[in-house]
Each structure stands twice: as structure tokens, then as C-alpha cells.
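Working notes, beginning with the structure itself.
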Amino acid sequence: MTETALALAAAIRRRQISAVDVTEAALSRIAAHNPKVNAFTTVTAEAARRDAVAVDTALASGQTLGPLAGVPFAAKNLFDITGVVTIAGSVIEQRRAPATQDAFGVARLRAAGAICLGALNMDEYAYGFTTENSHYGPARNPHDVTRTAGGSSGGSGAAVAAGLVPITLGTDTNGSIRVPASVDGIFGLKPTYGRLSRAGAVLFIPSLDHIGPFARTVADLAAAYDALLGHDPADPAQADRPLEPVSGALDRGLDGLRIARLGGHFAKLGLPEAYRAVDTVADALDVSAEVDLPGAASARSAAYLITAAEGAQLRLPDLRTQPERFEPHSVDRLLAGGLIPAQWVLHAQRLRAMFRAEVAALFAHWDILIAPATPSCATVLGQDVLEVDGVSLPLRPSFGMYTQPISCVGLPVLAVPAAKQGLPIGVQLIGAPWTEAKLFRAAAVLEAQGVCISRVAAGFG
Amino acid sequence: MTHRLTEQGRKMIDYEKIDPLAYVTAAAPLIGLNLSEDRLKEVAEAFALVIRMAKPALDAPVTLDAEPAPVFRA
């Protein structure tokens, strides 16, 4: 789908094209291109065709349908999709029966009229930043198939960047939406913690998990996000907040927005392309102020500890009985995480609260903070080490160095593509809690200026 | 309360004294893990990485009034 979601929806609504034709075209693209990127693990062609007929029938009878009626989408394979086994990137979860109802996020997109085309590749249990899944094969970056699509929502990123579907769903615990958005050259939103219901998704770290959308335009991302809004008592972490849709605010510009770039931790250990991307966005937004969050490095470390311990605890029954069936890239990290002393984790939780206060103080003066999304462009499949400034960093735990401190305190972030040339790389637009609309305004300005543009990868047009 | 649980400049842990393999071997049975010798060595390597990644957090001071509840609300 090289057209935008909203353009497709408008054409279907005007009956210039049928939902059935759009669905068949998307299925054809998946058949032709998915083998190159391995984004889809399941294609729900039969159900999609059935849903498309229902959309066309409803339109023919004069019914008013949702804003995404007939638009194809797909979801990371940890979301329940009716009739599909929710594998969460693992072989262990193949023991599940097919889902009997949709996850809340999938259900919301369907309620807006969108048509689900299937489930997408990911790191096992969302523990990774590269989607080098040993069970189902790696998701490959459409801009260079020898490189990773990022992770853990790598299939979600690759599917949008390759134009297989215009909208996908992912999850973000430590960067798993922002990292794929960055390296795949698309827009991705990690909303405020507690904003969107995670019910029906296999959780990784409940105190850090978020769901969110990917798209190639800001308007499509906004439409998907607005569709995902909804109160759901099934997720105990969801906050009691107004729904606060954003699509209506996209044309409000930057008036009144105070924007700074983050220095300190966010200006270290990245390759030049990461800082060039931030320069590009800062210049476009006329940002000259640089501010620091001195607690960022320790907050990132705290997020690592909490993740390792909580992640292991959720998987402990299977780690005891069948460790050999886990992902080889992450099983030892999970096992080690189970052995972290409780005192370390409680220390990390206290640091998290202190960092939250530090961040709140900074947002008294600023509305948006900008920072790199990843320390480099997409890395090569199989790469284990990231060399930066003469330092060798273990790649898999290090690729979220700029995203982890932010999700540790639940801030909303919109990742925008910001490479002027070469491989894609993204920038984080970070807001205070519950200020997603401000991030969308800034992203819309950047897109309108031609600074942050996402295109279907060459060779997939 | 502003009482510090750790003091600035005073490290909570002497990292040099940690033997990851000895610790992993001793602690694994506490959570019901029955790991082979080879697996224990691999997990010890992973635990050494945990120590490296955890250091910035563990060396940072925290206060008693900082909330340690695991469910976070923005």
C-alpha cells in the first residue's frame, strides 16, 4: 500500500475504489514483497476478504462507517487477533488456542473500519531491539535487507516501510516502537504510559509496556492513534483520562511551544548520523536551547534492571522447565534477570520515581524535548557489537540507550524520520505526560516543511 | 523524609568482589532453576552484563521518600 491510509479511506468512502480491491492489492503486495522483509508471520487473507466485503456492502447500503473504513492494517504478533494463535515471537506460545477475541487495540482499529491483514514479526516476548528472531527468521529492513528492521516491533516497522500496509500496531517497553520507526524511516508513537489499553496483548514488562501505532504520514499516525483511544477496564494500568484526540490539532503549528534539545546522556555514545538527525530537526524548529537530564543514565540503567527482573518473573515457569525452547539471543539474559537481587530492583524503582520528579521539573519550562531515537542507523543482521567513540558496546542491550530513560517514566514520544540522505534514522519528540497533541503539532510542521518525510523504501514502490 | 539510603560518592557495591559464576550457581536453585554447567557459565556471562548495565543505577543515590511501588503512573 503505497497510498496513505487516509487517502485510501477517502477513496473507499467516495466509492472510487472498493475495500475488496484495496484488500486484494494489499494481499498481492504482501505475497510479492513479504519474502524479502519477513514482516508478516501470519496473513489472515480469508478474514480480511470477508471484512472487506462487509465494508463495501455497508457503504452500498448507505451506512456511515468509521474514519478508517477499508484501510488495511496489521498487528505485532503479541496482540490477540481473533482466530490467530498469539505467539509473541515464541515457539512456546504456539501451545495457545487461537484467540477468541481481538486485543483492545485491534478491536478499536476494526471499529474504525480498518481491515486486519495479519500478525507481524517481533523479538521473542519483545525482548530485543533487532527482531533477529531465531524461530521465525529476522525481520529485514526494507531500505537495506542485509540490516535489521529494529525491534522489538520490527515486523511492524518493516511492513509500513515496505508499503505492505499503511498502518501497523506495535508495543514499546524500552524503545520497541521508537527504534523500528527510526531505522525503518517511518513515524511511530509511544503514547503516555496508561493512555492506551494493552488488554489482549502479551505483556513483557507490565510497569513499562505501552502500545502504539506506526505510519508513513503524521495524519495517518494521528488517525490511527485517535482510533485507538478508548476506556477499557480490562487494563488496570489505564489512566482515567479524557480521550483527547489529536487529528484536529495537526494544523495548529508551533505557536506557544517551547522546544529544547537534550544534551548530556543524549549527546554521548551515538554515531554522527544520530546527531545530524537531531541537528536537522532542531534547525527546522529553530531550537537553540540545550538542556540536560542528569539522571538519564541512571534511569536507563534502572529501566534495564526492572526489565530484566520483571521479564524473567513473567517467564519463570517456562524458564524452569524448557529453557532450550527460548530465543537463544535472549534466554540467558532472562535467566540472569531472574537472579537479580530484590534490593537492586527496589533501588531501581526508587531511582525511577526520582527521575520522574526531575523530568517534571524540566517540563515546567519546556513543552517538547528532542533527542536521538537510536545511536546509529540500522545495524547489519548478526552484528553483536556497536563501536562508538572507541568504546565497544553490546549491541542488543545498547540500542535503546536514548529511548529507555524516557519510557522509564512513561513520557509520550513521537519518533520522526530525520535523515537527509542515506539510511533512515529518527529523532524523538518527547512531551510531558498527556501532551501527545503537542508532539503531533510539531511533527506535522516538520513534515510540511519537508524535513521529516517517510517514503516507501526503494524497490518496494 | 530525605534520609539517604546511599550516600553520594560511596558506592553501594564493591563490584570487584562479585563472582558471577559463583553467585549464579548459588542463586539459581532459589528460584527453581536447575541449570547445566554449560548453561550456568552462559548465564554467569549474562549476569556480568547485568552488573555492567546496572552500575549507573546502583551507584546513584536514592532517598527513602522516593516511591518504590512497581506500578508506575505518568
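All of the numbers you see were taken from the coordinates with simple rules; none came from a lab. Quick caveat: nothing in here was measured; it's all calculated off a predicted structure. Cβ atoms come from the backbone with ideal geometry, glycine included; neighbour counts cover every protein chain shown.
The aspartates and glutamates whose alpha-carbon is closer than 17 Å to the alpha-carbon of A:LYS268, local same-chain residues fewer than 8 away aside, are A:ASP279, A:GLU290, A:ASP292, A:GLU387, A:ASP389. Placing pseudo-labels 7 Å out from each Cα toward the beta carbon at B:ARG52 and B:ALA26 gives an inter-label distance of 2.4 nm. With a Förster radius of 60 Å applied to the beta-carbon distance between A:GLU24 and B:LYS17, the computed FRET efficiency rounds to 0.40. Per-residue HN-Hα couplings for the range A:337-344, Karplus 6.51 cos²θ - 1.76 cosθ + 1.60 at θ = phi - 60°, whole Hz, x for Gly and Pro? Values, residue by residue: x, x, 9, 5, x, 4, 4, 5 Hz.
Taking only the alpha-carbon positions of the range A:1-142 and ignoring solvent, what does the Debye formula give for the base-10 log of I(q)/I(0) at q = 0.22 Å⁻¹? Log10 I(q)/I(0), no solvent term: -1.32.
Helix-derived [θ] at 222 nm for chain A: sum -39500 (n - 2.57) over DSSP H runs of at least 4, divide by residue count, nearest 500? Kindly include the intermediate steps, with their values, before the conclusion.
Details: 14 runs with 166 residues, N = 461.
That calculation yields -11000 deg cm²/dmol at 222 nm.
The P(r) of the range A:252-388 has a tail past 20 Å containing 62 percent of all C-alpha pairs. For the pair B:GLU37 and B:ASP65, the difference between a 0.36 nm per residue extended length and the Cα-Cα distance amounts to 5.8 nm. Gyration tensor over the Cα atoms of chain A: the corresponding equivalent ellipsoid has semi-axes (square roots of 5 times the eigenvalues, largest first) of 31, 26, 21 Å.
Add +1 for every Lys or Arg and -1 for every Asp or Glu among the other residues with Cβ under 9 Å from the Cβ of A:ALA5, and state the total. Provide the component values of the computation, followed by the final result.
On the way: positive: A:ARG216; negative: A:GLU3, A:ASP220.
So the environment of A:ALA5 carries a net charge of -1.
Per residue of A:232-239, how many C-beta atoms from partner chains lie within 10 Å of its own C-beta, taken as a mean? Mind dumping the intermediate values first?
Numbers: counts 0, 0, 0, 0, 1, 3, 0, 2.
Counting other chains' Cβ atoms within 10 Å and averaging over A:232-239 gives 1.
In terms of the mean number of neighbouring beta-carbon atoms within 10 Å, the peptides A:186-196, A:171-181, B:15-25 order highest first as A:171-181, A:186-196, B:15-25. Placing a label point 7 Å from the Cα of A:VAL291 along the Cα-to-Cβ direction, the residues of the range A:177-211 with a backbone N closer than 19 Å are A:192-193.
Could you tell me what fraction of 2.2 N^0.38 Å the Cα radius of gyration of the range A:172-243 comes to, as a two-decimal ratio?
On the way: Rg = 12.2 Å, N = 72, 2.2 N^0.38 = 11.2 Å.
Ratio of Cα Rg to 2.2 N^0.38 Å: 1.09.
Modelled label positions at A:ARG50 and A:LEU243, each set 7 Å beyond Cα in the direction of Cβ, lie 2.7 nm from each other. Working note: Karplus 6.51/-1.76/1.60 with θ = phi - 60° gives the range A:291-308 the couplings 10, 10, 10, x, x, 5, 5, 6, 5, 4, 5, 4, 4, 4, 5, 4, 4, 4 Hz, where Gly and Pro are set to x.
When the Cα positions of A:GLN63, A:VAL391, A:GLY200 are compared along the charge dipole of the range A:5-448, A:GLN63 comes out farthest toward the positive end, with charges on each C-beta of Lys, Arg, Asp and Glu.
Which entries of B:LYS17/B:LYS55; A:LYS190/A:LYS438; A:LYS190/B:LYS55; A:LYS76/B:LYS55 have Cα-Cα distances beyond 21 Å here?
On the way: B:LYS17/B:LYS55 14 Å; A:LYS190/A:LYS438 14 Å; A:LYS190/B:LYS55 27 Å; A:LYS76/B:LYS55 33 Å.
Table pairs above 21 Å Cα-Cα are A:LYS190/B:LYS55; A:LYS76/B:LYS55.
Pairwise Cα separations in the range A:381-455 fall into 5 Å bins from 0 onward with the following percentages, short to long: 3, 14, 18, 17, 19, 15, 10, 4. Between A:GLN16 and A:LEU423, the simple label model (points 7 Å from Cα in the Cβ direction) yields a spacing of 3.7 nm.
Trypsin sites (Lys or Arg not before Pro) within the range A:368-441: which are DSSP loop residues with at most 14 other Cβ atoms inside 10 Å?
Details: sites: A:LYS420, A:LYS438, A:ARG441; in loops: A:LYS420.
In loop regions of the range A:368-441 (DSSP not H, G, I, E or B), the sparsely surrounded trypsin sites (Lys or Arg not before Pro) are A:LYS420.
Rounded to the nearest whole Hz, the Karplus-based 3J(HN,Hα) values (6.51 cos²θ - 1.76 cosθ + 1.60, θ = phi - 60°) of the range B:17-32 follow the sequence 8, 7, 10, x, 5, 5, 5, 4, 4, 6, 8, 3, x, 4, 10, x, with x at glycine and proline.
Multiplying the residue separation of A:LEU346 and A:HIS231 by 0.36 nm and subtracting their alpha-carbon distance yields 38.3 nm. Antiparallel beta bridges, as assigned by DSSP with both residues in the range A:5-448, represent about 75 percent of the total such bridges. Calculated on the alpha-carbon coordinates, the convex hull of the range A:87-206 measures out at 104 cubic angstrom per residue.
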